[in-house]
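The structure under discussion appears below in the form of structure tokens.
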Amino acid sequence: MERFGGDAASMATPVQQRANEAWRVYQYYLDKTTPHSVNRWIGTLVITGIYCLRVFYVQGFYIISYALGIYVLNLLIGFLSPLVDPELDSSDGPMLPTKGSDEFKPFIRRLPEFKFWYSMTKAFCIAFVMTFFSFFDIPVFWPILLCYWIVLFVLTMRRQIAHMMKYKYIPFNLGKQKYGGKKASGSSSSHAD
């Protein structure tokens, strides 16, 4: 009867232990990519290019591409939106400054950059794998889907930009602001002989 009082790890099957170990290794390497945002995005662009070449080569899977486009648009909206929407929440929590005299509060995204990258990369990988199964290739007239997605993108971005302008926030880090102050006199002095 030691089975019920034993350690949870000892009760796991060898397959579960291997899966847990593989997950830990995967998470370890995923965590190591966190500070390398440029390299991560380059990798995602490569994966996106491979997916686009696959769809172009096969001349199909337009429904998967449309669903992927809708998903990426949804991720983009989360990436551009503040954590606390000033339109919906009037609490005492961190709010975006609306006037010049308001205290500066940093922009906190609803969907952080790492999760945005990870979800987008995972979506392209899953969509790529789906292109190898013919039952996902539903015949559709793709120009209609493309036009509908473009209209959806334009309307959604127009609404998001209007929201940004109304509440005066920019969801991008433009770097540390540089001020033109006094120059060091010692470094620019010339020696007259």
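Points to keep in mind about this one:
- Every test in (1) assigned to a helix (DSSP H, G or I); (2) at pLDDT below 95 is passed by Phe107 save one, and that test is (1).
- The residue that is nearest to Tyr26 (Cα to Cα), counting only those in the range 115-171 that are of a type in the set (Ser, Thr, Tyr) and over 22 Å from the mean Cα position of the chain (by Cα), is Thr131.
- Restricting the first member to the range 34-45 and to residues that are open to solvent by less than 90 Å² (accessible area, probe 1.4 Å), and the second to residues that are not in a helix (DSSP H, G or I), the beta-carbon pairs closer than 7 Å and six or more apart or on different chains are Arg40/Thr33.
- Residue count for the range 155-164, restricted to those that are closer than 16 Å to Tyr71 by Cα, open to solvent by less than 80 Å² (accessible area, probe 1.4 Å) and of a type in the set (A, V, I, L, M, F, W, C): 1
- For the range 129-149, the set of residues classified as surrounded by 13 or more Cβ atoms within 10 Å (Cβ to Cβ) and polar (S, T, N, Q) consists of Thr131 only.
- Each residue in the range 146-179 was checked for being more than 28 Å from Arg110 (Cα to Cα) and either at pLDDT 95 or above or not in a loop (DSSP other than H, G, I, E, B) (or both), and 1 of them qualify.
The values are calculated or read from the model by the stated rules, or taken from the named source; none is laboratory data. Just so you know, these numbers come straight off a predicted model, no measurement behind them. Positions of Cβ are backbone-derived with ideal geometry, glycine not excepted, and every protein chain shown enters the neighbour counts. The protein model used for the area step is the full one, side chains on, heavy atoms only, and it has no ligands, DNA or RNA in it. Shrake-Rupley method; radii C 1.70, N 1.55, O 1.52, S 1.80 Å.
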